[in-house]
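All remarks here apply to the structure that follows.
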């Protein structure tokens, strides 16, 4: 009986201790949100790639991904504010067009983590995700210089500025390296969300004997690809492997792994390791490459030369120009 009384007493004591011990906090699900630029989802490139990074974070990290689409610049601040007010753990602004908006909203919500793709906001709560676009553009330019039959190639950019200039200049440097006598036509749409005008720009270049056009124009670039399809011409994709959009026309794409950068930022937030500041990814960091489909679309000798140049860029044997002044001073590497 005494043993029974002792056992009952111990059981009661255990219940009291259990009741007084605070429960372990439940694991919270992280939320990852993004605001698109004016092209929105469905651009088959920049915004879609960013969204793929968030979706991977949702799947792999057990988080919750959400997106707010923008169609004009005036929506950037309200859209970012909406996600910040919802206490989203990471708010991603997709593209340099959101620079001022991210600067404004991140200052109002210093406890919210932000990421900005392709631009810089110097704040402790903003991770700035940058890329060496000129390096990948150099590679596809080298391919265009080797593949052209007319000795005229083209470039169609979205909005003219420092960022897209890196694509243009790197491309021209690549063409100059493999085919110094080749002419490069350059046009800018003035928007990342106008495929009709993108198609018109491309038609103008094809009319001037360009037989390959590299587009770095977001949603407007879909018009460039459409022009290539209608005219049975060649085109170079951007940001993602755009081969599936026009298998008979896309000869390669410049891969810009925004998805990887966004996913890794989500992972840092999930692990409590988020840091503001600049992170730049190039070929060496796995942020820039040419598309996997290049292996089936390019002649072996062209692909081999492109891969050899990629290794030399990776090793730092020469520096690809990113500005007009740097291009003027650029001496192509010997092949």
Residues being under 17 Å from the mean Cα position of the chain (by Cα) and surrounded by fewer than 24 Cβ atoms within 10 Å (Cβ to Cβ): count how many of those fall in the range 98-119. 2
Please give the number of the condition residue 317 fails out of (1) without any contact (Cβ under 8 Å) to a residue 24 or more places away in the chain; (2) closer than 25 Å to residue 58 by Cβ; (3) touching a helix residue (DSSP H, G or I) at 6+ places or on another chain (Cβ under 9 Å). (2)
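Based on this model, can you work out whether residue 220 counts as farther than 21 Å from residue 306 by Cβ and crowded, with 24+ Cβ neighbours inside 10 Å?
Yes; evaluated as a whole, the condition is true for this residue.
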Counting only residues in the range 59-92 that are in contact (Cβ under 8 Å) with a residue 60 or more places away in the chain and crowded, with 17+ Cβ neighbours inside 10 Å, the one nearest to the chain's Cα centre (by Cα) is identified as 92
Conditions (1) free of Cβ contacts under 8 Å to residues at least 40 places away in the same chain; (2) touching a strand residue (DSSP E or B) at 6+ places or on another chain (Cβ under 8 Å); (3) more than 23 Å from residue 259 (Cβ to Cβ): number failed by residue 121: (3)
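A short reminder: the numbers here are calculations on the coordinates, not readings from a lab. Since the structure is predicted, the reported quantities are computational estimates derived from the model, not experimental observations. Cβ coordinates were reconstructed from backbone atoms using ideal geometry, including for glycine residues, and neighbour counts include every protein chain displayed.
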